[in-house]
């Protein structure tokens, strides 16, 4: 078998394989025999018809198709052995060049590769911004606005007032006595008068309509005209027409805000005073700002690392990431009583268009994830297995509560393993990002690394073991061993695969 391989820019191998003709002929004969077993070919028992009679009965193309499935199943493992590269997933036959001799072109995706630069030399300032008191005031104003009441007023209409109107609308040149000429008739319309700086482009029935009502009083009537543009953004009945609106003002109302006092605070929270509410809002804003700043900072570090790194991954990896994002979207939509088909219609998208929208972020997540994973492998970071165990247990406790049967069944399923892996991955990622943040700020990173035993500690341990053995031999109680008995957390840490042999294997991989 002849194999030629070419590395492609999208991190796949193009492998051209030329196999022996007699091997494929044997595959065709096996296929013909299998196909004839389930069919009645006149004059022959099932599976006993000669090859040419089977070809005449089924057609050569059908036999070749059947033979190819088995033939490729046999050939593909040999190809993987020959190329000496680790595939990311199964390859695909892109072309059958010829069957005499059988020659195929495979595309084989390769495992991602990451080459890091001098990321330990990166230094970036981490600037934390204070939360201004104005942001607290904005949230308080919003809370007051949500509790506002709408009450009638006696004065003329002002900005922010709600004007209750009734509209008639017809083409300006039409006969007012012709009932069929009216586009609107006695149409009730409450209108909030916008400010000068507010966006008025999307107002109905036309842009700027609300400010035409400034100064009107209850019982007033007025006529307004507006010429609509002749384009597709306008409803067909109005397109290119000058429309006359007869507006009848039926009343004016305004929003009355409650007073910001302790009584108000008790109606919207379990707090007792305005000061407590301000403090709580400030704490939440500070936490939110800190999270946003940290995410921005981490992304800046990763982008800086990528300037001096090389990250390669196959297109199949991106497709898998997009598949996962689409599944998450479907799950979220289901919780909102909507399916993906309805969502695509609302967004005016096809399936492929949605995937193209998702693709840039999917590629970014993959790139960042591979860099984080490579750094966590390269650095001897100290991961606390007890933290993983505690988080895993907390999730189970929260989900199953007292449902011991459900918990036991879940633990026997593959879902529990997937959850444990996800929790482990999240904690490892968080630890690695914290390490990179400390590194970029020039801080001491000692606490992030595993502690190496000194020669003195090793000697003490060896002496303790020898002492324990001697006391066992003499039948005396092993006091030293009892005094050094480990806590359950320490024992669990010891039981993890962190032996010298495992460590050596990891070093070899690195």
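Please report, to one decimal in angstroms, the Kirkwood hydrodynamic radius of segment 2-63 built from all distinct Cα-Cα pairs. It would help to have the intermediate numbers written out before the result.
Details: mean 1/r = 0.0719 Å⁻¹.
About 13.9 Å, per the Kirkwood formula over Cα pairs.
Helix 455-474 versus the longest principal axis of the chain: what is the Cα-based angle in degrees, 0 to 90, to the nearest 10? Once rounded, the angle reads 60 degrees.
The tail of the calculated P(r) for segment 298-349 beyond 14 Å holds 69 percent of all Cα-Cα pairs. Calculated on the alpha-carbon coordinates, the convex hull of segment 313-378 measures out at 86 cubic angstrom per residue. Derived value for the chain: Kirkwood hydrodynamic radius 32.8 Å. Basis is the mean of 1/r over every pair of different alpha-carbon atoms. Cα centroids of segment 310-331 and segment 252-290: 42 Å apart.
What would the Debye equation give as log₁₀ I(q)/I(0) for segment 2-111 at q = 0.13, 0.17, 0.23 Å⁻¹, counting only Cα atoms as equal point scatterers? Taking Cα atoms of segment 2-111 as identical point scatterers yields -0.56, -0.79, -1.16.
Between residue 438 and residue 283, the C-beta separation translates, for a Förster distance of 30 Å, into a calculated FRET efficiency of about 0.75.
Dividing the convex hull volume of the alpha-carbon atoms in segment 228-313 by its residue count gives 302 Å³ per residue. Distance from the C-alpha centroid of segment 371-439 to that of segment 62-93: 37 Å, rounded to the whole angstrom.
For the chain, the longest principal axis of the C-alpha atoms and the axis of helix 60-83 are separated by about 80°. Using all pairs of distinct alpha-carbon atoms, the Kirkwood hydrodynamic radius of segment 78-125 works out to 14.1 angstrom.
The spacing between segment 175-224 and segment 96-155, judged by their C-alpha centroids, is 41 Å. Projecting label points 7 angstrom from Cα along Cα→Cβ for residue 236 and residue 23 puts them 6.6 nm apart. In the chain, the longest principal axis of the Cα atoms and the axis of helix 351-378 are about 50 degrees apart. Measuring spread by the Cα atoms of segment 120-266 yields a radius of gyration and Dmax of 22.4, 83 Å.
For segment 288-423, the average shadow cast by the Cα convex hull is 12.3 nm², which is a quarter of the hull's surface.
Here, each number is a calculation from the coordinates, and none is a lab measurement. What you are looking at is a predicted structure, and each value in this text was computed from that prediction instead of being measured. Here Cβ is always computed from backbone atoms with ideal geometry, including for glycine, and neighbour counts include all displayed protein chains.
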